[in-house]
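Input: a single structure, listed below in structure tokens.
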Amino acid sequence: MLDSLSPFLLHWGITAISLWLTSLIFKGIRFSSPSALIISALLLGFANAIVKPLLIVLTLPLTFLTFGLFLLVINALMILLVSSLVTGFKVSSFWAAFFASIFVSVLSFLIGAFLPSDRPSHDIQMPHSGMWL
């Protein structure tokens, strides 16, 4: 059980760091306390895991029509949803959430890319005989 808890905690920490840096850079994103930041990171992870896939399916035609750019709107809506649920997390406008969601996504990806991964690699190896079949 502890093996599956470690990646969750790592991802939660990456999200919390990304949200904290976002609040330092964007004036429209504010946290009143460290506990609001930690709870927001947790709820954002749950919203991205549960609510976001449902919204993606429901807005699939619009996403195709905009060549996937509507996914940025869905990311902003996830941040607005979390800010409405956490009392110490304030987002001033949709556009603040929009640009903050882009920043959080890129920063989380970059931080995660530099951390070691325990996932097994799936390298394709050539058969020893040199024949695939």
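The values are calculated or read from the model by the stated rules, or taken from the named source; none is laboratory data. As the structure is a prediction and not an experimental result, all values here were calculated from the model. Here Cβ is always computed from backbone atoms with ideal geometry, including for glycine, and neighbour counts include all displayed protein chains.
Inside the range 98-118, can you point out the residues that are of a type in the set (A, V, I, L, M, F, W, C) and within 20 Å of Gly13 (Cα to Cα)?
Our first condition is that a residue be of a type in the set (A, V, I, L, M, F, W, C); within the range 98-118, this holds for 98-100, 102-104, 106-107, 109-111, 113-115.
Ala100, Ile102, Phe103, Val104, Val106, Leu107, Phe109, Leu110, Ile111, Ala113, Phe114, Leu115 - these are the residues of the range 98-118 that are of a type in the set (A, V, I, L, M, F, W, C) and within 20 Å of Gly13 (Cα to Cα).
Kindly list the number of the only condition in (1) hydroxyl-bearing (Ser, Thr, Tyr); (2) farther than 19 Å from Arg30 by Cβ; (3) out of contact with any helix residue (DSSP H, G or I) (no Cβ under 7 Å at 6 or more places or on another chain) that fails for Thr63.
(3)
If we only count helices (runs of 4 or more DSSP H) wholly inside the range 14-126, which ones have 2 or more residues that are closer than 28 Å to Ser4 by Cα?
34-58, 70-85, 94-114
Listed here are the residues, each with its yes/no results for (1) crowded, with 18+ Cβ neighbours inside 10 Å; (2) among the small types (Gly, Ala, Ser).
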position	(1), (2)
Ile25	no, no
Ser33	no, yes
Leu37	yes, no
Ser40	yes, yes
Leu44	yes, no
Ala49	no, yes
Phe67	no, no
Gly88	no, yes
Ala96	yes, yes
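Which one is surrounded by the fewest Cβ atoms within 10 Å (Cβ to Cβ) among residues in the range 1-18 that are of a type outside the set (Gly, Ala, Ser) and either over 17 Å from the mean Cα position of the chain (by Cα) or at pLDDT 95 or above (or both)? Walk me through how you get there before you give the answer.
Looking only at the range 1-18, we keep the residues that are of a type outside the set (Gly, Ala, Ser), and these are 1-3, 5, 7-12, 14-15, 17.
With the extra rule that they be either over 17 Å from the mean Cα position of the chain (by Cα) or at pLDDT 95 or above (or both), the set shrinks to 1-3, 5.
Details: Met1: 4, Leu2: 6, Asp3: 7, Leu5: 9.
So, considering only residues that are of a type outside the set (Gly, Ala, Ser) and either over 17 Å from the mean Cα position of the chain (by Cα) or at pLDDT 95 or above (or both), the one surrounded by the fewest Cβ atoms within 10 Å (Cβ to Cβ) is Met1.
Could you please give the count of residues in the range 15-42 that are touching a residue at least 40 places away in the same chain (Cβ under 8 Å) and either of a type in the set (Gly, Ala, Ser) or touching a Phe, Trp or Tyr at 6+ places or on another chain (Cβ under 9 Å) (or both)?
Looking only at that region, the number is 17.
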